[in-house]
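Below is one structure, written out as structure tokens, with a few remarks after it.
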Amino acid sequence: MTYLNDVHGIIIGGVQAYVGDECVHDYNGNLIQLIDNPPQDREHLVNIPRAHGAHKVASFLRECGADVEVIDYAFAWHLEEWKDLWKSRYNSKTLFLCISAAFRQSSLFLWQFVGWVKNNYPHITIIGGTQSIDKLLPYKLDWYVFGYGEYAMLELIKNIKDGTPGKMEYYEVGDRKIINCQEHYKAFPKKSMKISYENRDFIKDWEILPMEWSRGCIFRCAFCTYPTLGVRDDHSRDENDLYEEMIENYERWGTKHYALSDETVNDYHKKLERYAKVIKKLPFKPRFGGYCRGDIIAATDKHWDTYIELGFTNHFYGIESLHHPSAKAVGKGMDSGRLKEGLLKFKEYIMKNHDFYAGHISLIAGLPHETEKTLDEGNAWLKKYWKDNFTAIGILSINLPLYVGKYAHVAKKLATISLIDDNPESYGYKIDGEIRKSGLWITDKMSNQEYMKDHPLNHQIQKGKEDEVSKRVQVSWTNNVGLTMKDGMEWLKKNGSVLTSGTLPTWSLAEYLIDPSLKYTDMMLKSDKRDRIMTYNDGRYMEDENLMTNYAKQIDPKEPLWDKGKDSWSNLNKWFWKEPHTGAYVVPRPPPLDLRGRGALAENEGTIFTSAGFNTAITFKQRKKNYINDYIRNKINA
Ligand code: B12
Ligand code: SF4
């Protein structure tokens, strides 16, 4: 297809680490800087994986004839670098600049650059694409695309090119134009999901590239906020399309490793069998990581070989609770004893018949029927039987949406909330009080008194714009058997959020392979490279019972109190940890372990040193810095 032959555009993306927002736009479109000094050393604030959605949309538009380039690692770029890049790319065909925000895209330099383009190239259309509309609405863009956006983008570009953008289906909220791809221009299911990278993407052979096998999940668990659930029809991609992507990536870049973003990779088995046939045809053995239902594995041992044939043995299991009534209450009904036994058998089977297995169990503290005792029991089982793999637990978060004013119907359509959020009482929850409000549309930062205390814009919602500020309210709760959110938090403080750490968490592998002496199989933390990997991650994924207990003692909280006069919580900073960068309150985490002197840093290039750890860590950090800087330099010069 060639009808976009005379179109050029740029899509910026990339996953940033958990860094706060550096800026926001106010109601007049002015960019407000939220921190005094944006960090200069930004290479370590981005994650290595590529911008999945950006590459997907770009590949699709290229198939339609357009010249579309993706720029990764957005948070790492400085303003002058952005400008240099733009000047080297801009030409008479340039039509759009896009920001892809799978998660946050909150770099001050990025938004300054967007403002600079707006001022100097006013004819360029600025578009944002996301699955998380609340992450983009605080910024001023010409168009906001919400949901799987390939077809919406194609239509939008065609209409902009023809001067008929008004033909698009969109909502208007104030002066924001929002295309809802859950409703219009749907791109799920989609048979072709191929990404075709370009030379100017500088893909390295050690990278773990993102990939999709399907869009949506056939289940609908009560706490799940994923956008496309309860899917009935086949929602998987075409086999040839998968083969083409994998062979192309292997031949051009040497790629063998992928991270699947499917909501549930193993939701039905026929799909896996079809893809196993594709994998057999490849001249190499790939490896995949991704979300996987543990109960399906436990129930179907006759299918276990398919996981090996696929190379899909790096699993993230949303187990949610090891207490059967709790898991059952949210839609994961298998008997917990059977589930645990099945997982252990599967683990053994894969270890025996394959060279890699990593199982990451994810739990939620606070589901119905859960008590501190049942949490303790689950933890005890994990410590006994899952010590050689990974487990993390987080607190249940209930967010009550508030749909008010003239845009209420739009807010309702765009909010991705869970069944529990929608009706907590029907799951036995009593709502105790508000924790914090955040705007779905705009500038929640500005109404956050704790953070913006002295800022002149604090609490200024412009007259006439009140309806544009749809709110989400995070609440504290008591479950049906009396466990409160506070009890859950206390439990987490006492026991830590990492309960076992025998392997690495599923998605973190990509960060370490930048060290050429590490292999994918080293990520099981079973080889002599274990200490080095733990050094690299600062011991972040290492559970340490003594440390956690001491930490919990230090921050022993007093009851937080709602101060009506100030319209905020007092004592919050004791109860939660206040992120210095954003002022946001988050669940406390212990400081990184100082492993020096603990003997854990002693291995370097196979030689044991008593003091090598520091240098090992520095070399690793330098490697990432060089990689990102080389990328940026190569990009500008490409
Ligand atoms: C895989 C995944 C992860 C992986 C990411 C792996 C990686 N490195 O990319 C991991 C496990 C690390 C992860 C972590 C988190 N995740 Co997550 N994750 C997903 C998931 C399941 C798929 C994302 C994906 O890759 N999809 C496939 C690609 C192709 O889709 P996409 O990137 O969204 O792109 C499409 C559209 O967004 C749009 N689009 C994107 N860019 C552009 C650009 C233009 C121009 C246009 C027009 C369109 C467009 O079109 C694209 C193609 O159709 C989504 C749910 C979902 N199904 O979307 C949640 C989701 C993105 N995650 C979510 C959350 C909350 C998180 C965490 C905060 C969880 C936590 N509490 O820690 C962390 C945040 C991590 C961080 N660094 O900030 C939320 C985000 C909600 C929000 N309001 O922010 C989502 C939407 C799920 C949900 N509804 O709850 N996640
Ligand atoms: S929790 Fe997992 S299995 Fe359940 S609906 Fe969400 S994606 Fe599907």
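At a glance:
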| item | result |
| --- | --- |
| Region 8-187, relative contact order [Cα under 8 Å, separation at least 6], % | 23 |
| Fraction of antiparallel bridges per DSSP, region 179-289 only, in percent to nearest 5 | 10 |
| Paramagnetic reach from Ala380 in region 495-539 [backbone N under 19 Å; point 7 Å along Cα→Cβ] | 495-496, 499-500 |
| Residue-span extension gain [Asp36 to Tyr403] - 0.36 nm each, minus C-alpha spacing | 128.7 nm |
| By average C-beta atoms within 10 angstrom, highest first, the peptides 621-634, 413-426 | 413-426, 621-634 |
| For region 148-154, 3J(HN,Hα) per residue [Karplus equation, 6.51 cos²θ - 1.76 cosθ + 1.60, θ = phi - 60°, Hz, x = Gly/Pro] | 4, x, 4, 6, 4, 5, 4 |
| Pairwise FRET efficiency - Tyr226 versus Val481, Cβ, R0 = 30 Å, nearest 0.05 | 0.65 |
| Nearest-0.05 FRET efficiency for Leu79 and Asp335, computed from C-beta distance (R0 60 Å) | 0.60 |
| When each of Lys83/Lys158; Lys56/Lys281; Lys56/Lys270; Lys190/Lys635; Lys340/Lys373; Lys191/Lys277 is checked by Cα-Cα distance, pairs over 21 Å | Lys83/Lys158; Lys56/Lys281; Lys56/Lys270; Lys190/Lys635 |
| Violating pairs (Cα-Cα greater than 32 angstrom) within the set Lys186/Lys621; Lys204/Lys529; Lys140/Lys406; Lys87/Lys194; Lys135/Lys167 | Lys186/Lys621 |
| Relative packing of 216-229, 361-374, 315-328, which averages over residues the other C-beta atoms within 10 Å, highest first | 315-328, 361-374, 216-229 |
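No lab work stands behind these numbers, since they all come straight from the coordinates. Predicted, not measured: the structure shown is a model, and the values here were computed from it. Using ideal geometry, Cβ is built from the backbone for each residue, glycine included, and neighbour counts are taken over all protein chains shown.
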